[in-house]
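Colleague: Please see the structure below; I have some questions.
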Amino acid sequence: MKAFSTVSPQSLPDVVSALKNAAAQGKTAMVAGGGSDLLGMMKERLVTPDLVVRMSAVRRLDQVTRERDQTVIGGQITLSNLARHADVRRQWTVIAEAAESVATPQIRNVGTIAGNVCQRPWCWYYRNGFKCFKNGGNTCYSIAGENHFHAIFGGGPSFIVHPSDTAPALVAAGAQFRLVGPEGERMLPAAEFFTLPSANAARENALKDGEVLASIALPAPPPGTRSLYHKVMDREAWTHAVVSAAAVLEVDGETCRSARLVLGGVAPVPWRLQEVERMLAGQRLTPALIDKAAKASVAGARPLAHNAYKVPLTEAIVRRALTDLVARNA
């Protein structure tokens, strides 16, 4: 591991200043929340920062607060504390369930929501130092190589899948991200935060240089809102989703007023099923409609040589998510 220094600012302006000053001095600076992902990448020399700016000392970024009609989640709250927060679980079950599904209890106890959302891909070519699109090269080795866990939607030129469990849940909840940087603050919808490789193969999100994800604002859920997160893994220990589904329905009796369905593990970004959402809106949630929606969820899938199994798996998890939500409403 390359030698580096650390600073622990106590305010967001100080974080931004530390990043800005490092850049002015020609140094590479990186932000750490819990640091579990960053430390591993540093050990493997995938990243070699001169300076690590620790966010853990920034005051009040590890809390959930109410601001007007919104619930605001500080970016430095741990996944364990987020999963246990009573108000979040009551209003947005999908987010609590996604947070509690991440990795292991040990990682959830130190990993933060901002870190989970902003983590880098876990493609084995990238993590093992291949000069792929994500590592400064011009080749996606998964196309002709090992691609069992790669994208079936939205791939090209890179076919990574976004590794975050909480990202699909936040998109499904209609969250807004508060980004703070040298140009000030801006709010960005969660759905616009994540970027496809076709926009920039070297990045996974819309963060600008020197910006950090400070907090996340959740709207008040409309009456009749029900939500859940389902995740399929290849093993029941520390691992990412092979396929996951974040589902949010606004239900009035047996009728679905609106729906938001977002997939994880199948695309380089949280993959929203907008056609399926339109299919469900204003309709009775019958088994026949749920079956039709599940089949429509895989329209446009383009599997690679070894990941076609994700197509029926995606269909099944959407069917299960919708069926379970109907049962919760009964």
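Colleague: Take residue 31 and tell me if it is touching a Phe, Trp or Tyr at 6+ places or on another chain (Cβ under 7 Å) and of a type in the set (Val, Ile, Thr).
Modeller: no
Every residue, every condition in (1) surrounded by fewer than 24 Cβ atoms within 10 Å (Cβ to Cβ); (2) touching a residue at least 40 places away in the same chain (Cβ under 8 Å); (3) on the phi > 0 side of the Ramachandran plot; (4) hydrophobic (A, V, I, L, M, F, W, C), yes or no:
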{"site": "165", "(1), (2), (3), (4)": "no, yes, no, no"}
{"site": "180", "(1), (2), (3), (4)": "yes, yes, no, yes"}
{"site": "189", "(1), (2), (3), (4)": "yes, no, no, no"}
{"site": "200", "(1), (2), (3), (4)": "yes, no, no, no"}
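Colleague: Kindly state which strands (runs of 3 or more DSSP E) lie completely within the stretch 214-320 and contain at least 2 residues that are without any contact (Cβ under 8 Å) to a residue 40 or more places away in the chain.
Modeller: 243-252, 255-264
Colleague: Moving on. Which one of 116, 128, 81 is on the phi < 0 side of the Ramachandran plot, in contact with a helix residue (DSSP H, G or I) (Cβ under 6 Å, 6 or more places away or on another chain) and of a type in the set (S, T, N, Q)?
Modeller: Just a single option satisfies the conditions, and that option is 116.
Colleague: So for the stretch 92-108 (the condition being outside the structural domain of residue 197 (by TED's automatic domain parsing) and among the aromatic types (Phe, Trp, Tyr)), does at least one residue qualify?
Modeller: Taking every residue of the stretch 92-108 in turn, none turns out to be outside the structural domain of residue 197 (by TED's automatic domain parsing) and among the aromatic types (Phe, Trp, Tyr).
Colleague: Residue 160 is checked against (1) buried (at least 24 other Cβ atoms within 10 Å of the Cβ); (2) part of a helix (DSSP H, G or I) and fails just one. What number does that condition carry?
Modeller: For residue 160, the exception is condition (2).
Colleague: While we're here: Without any contact (Cβ under 8 Å) to a residue 60 or more places away in the chain and buried (at least 20 other Cβ atoms within 10 Å of the Cβ): is that true of residue 98 in this structure?
Modeller: no
Colleague: Tell me which of these residue 274 doesn't satisfy, since it passes every other one: (1) exposed (fewer than 14 other Cβ atoms within 10 Å of the Cβ); (2) of a type in the set (S, T, N, Q); (3) touching a helix residue (DSSP H, G or I) at 6+ places or on another chain (Cβ under 9 Å).
Modeller: Result: residue 274 passes all but (3).
Colleague: Scan the stretch 124-141 residue by residue and report those that are in contact with an Asp or Glu (Cβ under 9 Å, 6 or more places away or on another chain) and crowded, with 21+ Cβ neighbours inside 10 Å.
Modeller: Residues satisfying the conditions are 125, 134.
Colleague: Every residue in the stretch 287-324 that is more than 21 Å from residue 242 (Cα to Cα) and surrounded by 14 or more Cβ atoms within 10 Å (Cβ to Cβ), please.
Modeller: 289, 290, 291, 292, listed by residue number.
Colleague: Report whether or not residue 141 is hydroxyl-bearing (Ser, Thr, Tyr) and either without any contact (Cβ under 8 Å) to a residue 24 or more places away in the chain or assigned by TED's automatic domain parsing to the domain that holds residue 302 (or both).
Modeller: Against the criterion (hydroxyl-bearing (Ser, Thr, Tyr) and either without any contact (Cβ under 8 Å) to a residue 24 or more places away in the chain or assigned by TED's automatic domain parsing to the domain that holds residue 302 (or both)), residue 141 qualifies.
Colleague: Quick check: anything in the stretch 111-129 under 23 Å from residue 190 (Cβ atoms), of a type in the set (Gly, Ala, Ser) and more than 18 Å from the chain's Cα centre (by Cα)?
Modeller: No: zero hits.
Colleague: What number goes with the only condition from (1) acidic (Asp, Glu); (2) touching a strand residue (DSSP E or B) at 6+ places or on another chain (Cβ under 6 Å); (3) surrounded by fewer than 14 Cβ atoms within 10 Å (Cβ to Cβ) that residue 234 does not pass?
Modeller: Of (1) acidic (Asp, Glu); (2) touching a strand residue (DSSP E or B) at 6+ places or on another chain (Cβ under 6 Å); (3) surrounded by fewer than 14 Cβ atoms within 10 Å (Cβ to Cβ), only one is false for residue 234: (2).
Colleague: Take the residues in the stretch 58-100 that are of a type in the set (Lys, Arg) and in a helix (DSSP H, G or I); name whichever of them is farthest from residue 321 (Cα to Cα).
Modeller: The extreme case among them is 84.
Colleague: Let me ask something additional. In the stretch 24-55, which residues are more than 22 Å from residue 214 (Cα to Cα), in contact (Cβ under 8 Å) with a residue 24 or more places away in the chain and assigned to a loop (DSSP other than H, G, I, E, B)?
Modeller: 27, 44, 45, 46, 48, 50, listed by residue number.
Colleague: Being under 12 Å from the mean Cα position of the chain (by Cα) and either modelled with pLDDT of 95 or more or in the same structural domain as residue 69 (by TED's automatic domain parsing) (or both) is the filter here, so list the residues in the stretch 222-244 that pass it.
Modeller: If the condition is that a residue be under 12 Å from the mean Cα position of the chain (by Cα) and either modelled with pLDDT of 95 or more or in the same structural domain as residue 69 (by TED's automatic domain parsing) (or both), then 241, 244 are the ones that fit.
Colleague: In this structure, is residue 254 modelled with pLDDT under 95, touching a helix residue (DSSP H, G or I) at 6+ places or on another chain (Cβ under 9 Å) and farther than 30 Å from residue 145 by Cβ?
Modeller: Judged against the criteria, residue 254 is a match.
The values are calculated or read from the model by the stated rules, or taken from the named source; none is laboratory data. Since the structure is predicted, the reported quantities are computational estimates derived from the model, not experimental observations. Virtual Cβ from ideal backbone geometry, glycine too; neighbours counted across all protein chains shown.
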